[in-house]
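The values are calculated or read from the model by the stated rules, or taken from the named source; none is laboratory data. No experiment lies behind these values; they were computed from the predicted model shown. As a convention, Cβ positions derive from the backbone with ideal geometry for all residues, glycine included, and neighbour counts pool all protein chains shown. Calculation scope for accessible area: heavy atoms of the full protein, side chains included, ligands and nucleic acids excluded. Shrake-Rupley method; radii C 1.70, N 1.55, O 1.52, S 1.80 Å.
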Amino acid sequence: MSQDPFLVNFNNATFVKSATKPANYPPEQTPEIAVIGRSNVGKSSLMNSLFRRRSLVKVSRTPGRTQLINFFSVDDKLMIVDLPGYGYAKVPKSVLRQWRPMIERYLTTRPSLVACLLLLDVRRLPSEDDLMMWDWLHQFDERLIVPVVTKVDKLSKQKRHPQLQRIANMLDTPTEAIISSSAKTHAGRDKIRQLLTSLCWTPTEEPQPL
Ligand code: GDP
């Protein structure tokens, strides 16, 4: 029997495939959650922390170079989708030109996509790119958009709350809506796992064939 207190065993995560276009996406058999944020925000580290795996998701050495959409299955119940990071100054223009349509296509044509986690580095105020992404994601009414600040271990406890308030103000969202996380201390991991677990389809909610 599984020792995991949650319904979904996050330790049972597997890489499914990489894709750049819809024809290569895996079949939509489970709810999907996209993880998005600027390069170097700590996306790979957070996903590895969620999966309790040191290097299932490659921690990038050359930020902004990974230009693929990576699909990870969690316990055959959820799909976590790692979207390539944005906003890294050294990304060549040609790469940037491919990035946008690739991401937009994925985000606009995937009915099983139920939620997006937008990652923000707790030490920075959201960039123009972050704010654009935040606004853009809100055009999909039926989708949950969750701001997650990363690397909270890097900010002293006294500085954390005022900084969270500043970020919340810029996002025009309540401070309590933001999840604080650290891949180093695993702060926020259980909260994110609970949130993701709550997005699982119950048998009656499963999409019916047309
Ligand atoms: P990505 O480009 O968004 O996938 O970011 P990475 O996961 O590759 O992380 C970028 C850098 O930040 C790496 O050097 C990580 O070790 C570091 N990092 C990521 N998350 C944390 C964290 O929670 N705490 C600390 N202290 N460092 C982190």
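Among the residues that make up region 90-98, is at least one of them within 14 Å of the ligand (Cβ to nearest atom) and either loosely packed, with under 14 Cβ neighbours inside 10 Å or modelled with pLDDT of 95 or more (or both)?
Checking region 90-98: at least one residue is within 14 Å of the ligand (Cβ to nearest atom) and either loosely packed, with under 14 Cβ neighbours inside 10 Å or modelled with pLDDT of 95 or more (or both).
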Looking only at residues that are assigned to a helix (DSSP H, G or I) and charged (D, E, K, R) in region 129-144, which one is least open to solvent (accessible area, probe 1.4 Å)? D130
Find the residue count for region 14-28, including only residues that are open to solvent by 40 Å² or more (accessible area, probe 1.4 Å) and in contact (Cβ under 8 Å) with a residue 24 or more places away in the chain. 9
If I go through region 29-45 residue by residue, how many of them are buried (at least 19 other Cβ atoms within 10 Å of the Cβ), more than 7 Å from the ligand (Cβ to nearest atom) and not in a strand (DSSP E or B)? 2
So L164 fits all but one of (1) open to solvent by 60 Å² or more (accessible area, probe 1.4 Å); (2) closer than 19 Å to R38 by Cβ; what number is the exception? (1)
Restricting region 109-126 to residues that are modelled with pLDDT of 95 or more and farther than 19 Å from D82 by Cβ, the residue that is surrounded by the most Cβ atoms within 10 Å (Cβ to Cβ): V122
Is it true that some residue in region 172-181 is among the aliphatic types (A, V, I, L, M) and assigned to a loop (DSSP other than H, G, I, E, B)? yes
